[in-house]
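As structure tokens, the structure follows; a few thoughts come after it.
The values are calculated or read from the model by the stated rules, or taken from the named source; none is laboratory data. All values reported here derive from a predicted model rather than from experimental measurement. Please note: Cβ atoms are built from the backbone with ideal geometry, for glycine as well, and neighbour counts cover all protein chains shown.
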Amino acid sequence: MENISLDPRFQRAKLPELDEEVILNASDSFVTFEVFHQKKKGTHHSHVGIVHAPNAEMAMVFAKEQFARRGATSNLWIVESSNVLAMDYTDSDIFDTTPDKQHREAGIYKTRDKIEKYQAELPNTKQD
Amino acid sequence: MSELNNAKAELINYLADSLLILGHRNGEWTGIGPVIEEDIAFGSMAQDKVGQARQLYELLHSDFGYSEPDTFAFTRTAEQFKCPQLVELPIGDYAFSLMRHFLFDQADLIRFEMLSSSSFVQLNQFANKFKGEIKYHVFHANTWIKQLSKATDESKIMLQTALDALWPYAFAMFEPGPNDALLIENGVFDGEKALYDKWFETISTLLNTYQLNIPNISDETIGRGGRYGYHTEYLQPLLTEMTEVFTIDPSAEW
Amino acid sequence: MYGGGFIGEAEKQTQQDDPKLLAEFEAKIAKGEKIEPKDWMPFDYRKQLIRMIEQHAHSEIIGALPEGTWVTRAPGFKRKLAIMAKVQDEIGHAQLLYSAAETLGKPREQMLNDLISGKSKYSNVFNYPADTWADVTVIGFLIDAAAIVNQVANSKGSYGPYCRALERICYEEAFHLKQGHDAFVALATGTPIQRDMVQQALNRWWEPIMHFFGPSDKMSVHSEKLMRWKVKMASNDDMRQQFLSTYIPKIWELGLTLPDAALVKDETSGKWTFTEPDWDEFFKVINGDGPCNAERLAVRKWAEQTGRWVRQALTQPGKQYVTPFA
């Protein structure tokens, strides 16, 4: 290296010449793990992202800092990505009519009109 | 200040200096670690150590009349520092830094466990406060050493080489403190010998599990003297660097 | 601006996108729906996104280096902890962004190879040196501010994984900006030596900052398509104007000056005029001939080289790598 680095760390290290070829091998890839984060006991764990790691234990070590170094955390789960069965988005159509299934919703069950009509048609009785 | 108070202050000073210098060294890996996720983790732990040091310096200031943390930490020279020589050694390769982290943090865990029943209330409060952080540091270190010790021939050799170089300095870390008897007598801290015994039992068991050889120490004076101001050639350059900007004007607000 | 936007390999599309699928895709985007990794997407959408997210990731990992210059020398505990946390965050952001880019099919190691070989670009602003501590405060304040303008805009884009990564990043950037501004103000309101240090740093960094958003967009077909697909969310000019409106007052309120006498805001239109920065210089630097390009790549090579034994010790040959899906 011609120029001296302004960073004392690199003044100490021996930085390689630029034309020295450095290639990461494909085998340097390791698998990924999905991270689930629980903010507070009583709430759901939420998916927050992935870490690259050789096994679940190291994934946990990494997840703690990548996804829980700020804010509140009470718990973490690690799941190897290949263990997650993800639905295909092409099958999202199976949910198309779900919002229309009003029979499962409270909203279509309206009673007020019937009650008022009934009360209006009652013979005149004293209200005690 | 009474003799006992001096002893307490010396202990806190020793702890704070150790944590600051190790945190500083480990912080040198920030942004240039070997694996992205590990870079992040190692950086966090370095901050934890610096943060713990700061709190201990704050205690020295509030309860023992020492100057305030920035001044005390950023204006002393090497012979005024009490850290063990182990922590001031340059970062070396990643095996060296990991192995040092493994050896030191196990001692740190046990030391603070011992301090959690200290008669010195503030120290036992700190012990409880730092407990969670140190637990993670040890989890991190042990997981890594375990992983590397059974991975490749190269990783095993890297670890053993680092252990061979560090072992004398780790052993020297437990050199007797100047006031151990007084601290033990008053229930402040059970002393370096007791700490060493517990540490050695845990560490040697772990190293055996990881199939790493515990080196012989040919010269027990190697690495000693840090607590008494005798340091390696590496500490002053570290301090000069660490304080480079601060000393442009130590009275200014940065 | 993470690599100039219009610099890239010409990886040719071999087959036309199915027009029916393309129409459905564009309708989805127009409705504000998000695209997830396994959805059908046009060839060019995938290609541009990989390039954009990858270059953003590289910018984070390289971005850790100018401030990293001073990580061992921060003055006092507050600054020491802040800079350690900030530089660490950059690596954290790189991790989030590489993960997002990976969902499109390019493995992380391939992206890192492209970075260290010089094939992939990163934000040009990081090819300049941090000469003093004051440079760190200028970077932490103004460059993070510029990055936030860009990130907030893009976080409303169409690609799910990138949006999710950006949301998390924007949250952390708020800390970066605040701590940077804090350190900047400490110098500007400090001793004469401190004030001079920060003024000099500002003078040095102003042109790279003006270069940050890239040259003026010509509303080319290319640019228009990327905006229609919500890959590019705002024009370079708009983002630059937004940045100037928010941050010039914060510089001037401290009585600091900027090395551009033409810098002025038209109160009626709300637009800033400024001396057009030297775009030849910009292209020269982004193509490798800047003060720190060689060092930045050398450092990444060093990190990869010295870390190789560690990564090899983590590789599990039996395990099956799957492309991340979220």
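Couple of notes before you dig in:
- The numbered conditions (1) of a type outside the set (S, T, Y); (2) more than 30 Å from B:I248 (Cα to Cα); (3) touching a residue at least 12 places away in the same chain (Cβ under 8 Å) are all true for C:N127 except (2).
- Among the numbered conditions (1) over 22 Å from B:Y230 (Cα atoms); (2) under 16 Å from the mean Cα position of the chain (by Cα); (3) surrounded by fewer than 22 Cβ atoms within 10 Å (Cβ to Cβ); (4) touching a residue at least 60 places away in the same chain (Cβ under 8 Å), the only one that B:I91 does not meet is (1).
- Segment C:73-101 - residue that is touching a residue at least 60 places away in the same chain (Cβ under 8 Å) and basic (K, R) and, of those, farthest from C:R296 (Cα to Cα): C:R79
- Of all the criteria given as (1) within 12 Å of chain B (Cβ to nearest Cβ); (2) outside any loop (DSSP other than H, G, I, E, B); (3) at pLDDT 95 or above, the one not satisfied by C:P75 is (2).
- Within segment C:291-326, if we keep just the residues that are among the hydrophobic types (A, V, I, L, M, F, W, C), more than 10 Å from chain B (Cβ to nearest Cβ) and more than 21 Å from C:G105 (Cβ to Cβ), the residue that is surrounded by the most Cβ atoms within 10 Å (Cβ to Cβ) turns out to be C:A298.
- At least 1 residues being in contact (Cβ under 8 Å) with a residue 12 or more places away in the chain and polar (S, T, N, Q) is the threshold, and among the strands (runs of 3 or more DSSP E) wholly inside segment A:21-86 those reaching it are A:32-38, A:75-80.
- When C:W70 is tested against (1) of a type in the set (A, V, I, L, M, F, W, C); (2) in contact (Cβ under 8 Å) with a residue 12 or more places away in the chain; (3) part of a helix (DSSP H, G or I), exactly one condition is not met: (3).
- Count of segment B:66-119 residues which are part of a helix (DSSP H, G or I), of a type in the set (A, V, I, L, M) and closer than 19 Å to B:F171 by Cα: 10
- Residues located in segment C:205-259, provided they are under 28 Å from C:M41 (Cβ atoms), hydrophobic (A, V, I, L, M, F, W, C) and in a helix (DSSP H, G or I): C:V221, C:L226, C:M227, C:M239
- One residue from A:E57, A:E65 being facing another protein chain (nearest Cβ under 8 Å), at pLDDT 90 or above and within 19 Å of the chain's Cα centre (by Cα): A:E65
- Sub-6 Å Cβ pairs linking a first residue in segment B:170-194 that is farther than 26 Å from B:R100 by Cα to a second residue that is crowded, with 19+ Cβ neighbours inside 10 Å and among the hydroxyl-bearing types (S, T, Y), at least 6 apart or interchain, are B:V188/B:S118, ordered by first then second residue.
- Among the conditions (1) over 21 Å from the mean Cα position of the chain (by Cα); (2) closer than 15 Å to C:F274 by Cβ; (3) at pLDDT below 95; (4) not acidic (D, E), the only one that C:M219 does not satisfy is (2).
- When restricted to residues that are surrounded by 14 or more Cβ atoms within 10 Å (Cβ to Cβ) and more than 22 Å from B:P178 (Cβ to Cβ), segment B:215-238 contains 6.
- Scanning segment B:26-40 for residues that are within 9 Å of chain C (Cβ to nearest Cβ) and not β-branched (V, I, T) gives B:G27, B:E28, B:G31, B:G33, B:P34, B:E37, B:E38, B:D39.
- Within segment C:189-211, the set of residues being more than 23 Å from the chain's Cα centre (by Cα) and small (G, A, S) comprises just one member, C:G190.
- Positions within segment A:70-79 being at pLDDT 95 or above and surrounded by 10 or more Cβ atoms within 10 Å (Cβ to Cβ), in sequence order: A:T73, A:S74, A:N75, A:L76, A:W77, A:I78, A:V79
- For segment B:63-89, the set of residues classified as within 12 Å of chain C (Cβ to nearest Cβ) and either under 19 Å from B:W199 (Cα atoms) or not aromatic (F, W, Y) (or both) consists of B:E68, B:P69, B:D70, B:T71, B:A73, B:T75, listed by residue number.
- Applying a threshold of 8 Å to beta carbon distances and a minimum spacing of six or more residues, or different chains, the list of pairs starting in segment B:153-169 at a residue that is within 13 Å of chain C (Cβ to nearest Cβ) and farther than 17 Å from B:R224 by Cα and ending at one that is of a type in the set (K, R) and crowded, with 22+ Cβ neighbours inside 10 Å reads B:A162/B:R100.
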